[in-house]
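Report on the structure given below.
The values are calculated or read from the model by the stated rules, or taken from the named source; none is laboratory data. The model shown is predicted, which means the values in this text are computed figures rather than measured ones. Positions of Cβ are backbone-derived with ideal geometry, glycine not excepted, and every protein chain shown enters the neighbour counts.
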Amino acid sequence: MRARNYRTVKGRPYTRKDFVRGFPPPKITKFTMGDTKSKFEYEVKLIARKKVQIRHNALEAARIATNRHLGNKLLERYCLRILPYPHIILRENKMIFGAHADRISDGMRRSFGKAIGTAASVKSNQNLMTVYVNADGVEAAKEALKLGGSKLPTPCRISIEKMQNEEVKVS
């Protein structure tokens, strides 16, 4: 099945993990990277423009691309946070095709589907990734978020804000 089949938000999200046996855990493991203890001057955000579901492997690809670029340019003088959590379970009813497949498969009878992955539901104008940097790293953060945004299934925009003497809080 293709990823574009799960991109649009249809109906209510299915999140009841009690009833699903053996669903795969999300591929994204780290949601906060870099220097989490320092104070930074600027906050650079990647913001989604459309309402969409983002699969867990797309979030992981965006995280890797962004973190790799920031690590090469800024070493450890940044803090990257991934904000949406993939909690929606995606299911697929696998169909058998070919000769005599009608004798083996049940088609749509009692079709519930097998869990194949997880996704995060994102609204329009929702913050997807945030990079905290000092003044010398703003351009590198913009480039990194542009690279990471290209891995996501929604058009994104980048916003830069000056911080008000606050620490980055890791929850």
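Things to note:
- Evaluated against (1) touching a Pro at 6+ places or on another chain (Cβ under 8 Å); (2) of a type in the set (Lys, Arg); (3) exposed (fewer than 15 other Cβ atoms within 10 Å of the Cβ), ARG55 falls short on exactly one condition, (3).
- Close contacts from segment 1-20, counting a first residue that is farther than 21 Å from LEU152 by Cα and modelled with pLDDT of 70 or more and a second that is assigned to a loop (DSSP other than H, G, I, E, B) and among the aromatic types (Phe, Trp, Tyr), with Cβ to Cβ under 7 Å and a gap of 6+ residues or different chains, come to LYS17/PHE23.
- Residues of segment 21-31 that are within 30 Å of ALA140 (Cβ to Cβ) and either modelled with pLDDT under 75 or loosely packed, with under 15 Cβ neighbours inside 10 Å (or both): THR29, LYS30.
- Within segment 105-160, the set of residues being crowded, with 20+ Cβ neighbours inside 10 Å and in a helix (DSSP H, G or I) comprises GLY137, ALA141, ALA144, LEU145, GLY148, GLY149.
- So GLY149, is it touching a residue at least 40 places away in the same chain (Cβ under 8 Å), over 17 Å from ILE47 (Cα atoms), small (Gly, Ala, Ser) and in contact with a strand residue (DSSP E or B) (Cβ under 8 Å, 6 or more places away or on another chain): no
- Pairs, first touching a residue at least 24 places away in the same chain (Cβ under 8 Å) in segment 63-86, second assigned to a helix (DSSP H, G or I) and of a type in the set (S, T, N, Q), C-beta under 6 Å, six or more apart: LEU80/ASN67
- Hits in segment 32-45 (condition: within 17 Å of the chain's Cα centre (by Cα) and either under 24 Å from LYS10 (Cα atoms) or surrounded by fewer than 16 Cβ atoms within 10 Å (Cβ to Cβ) (or both)): THR32
- Flag if LYS169 is among the basic types (Lys, Arg), within 17 Å of LYS39 (Cβ to Cβ), modelled with pLDDT under 95 and outside any strand (DSSP E or B): yes
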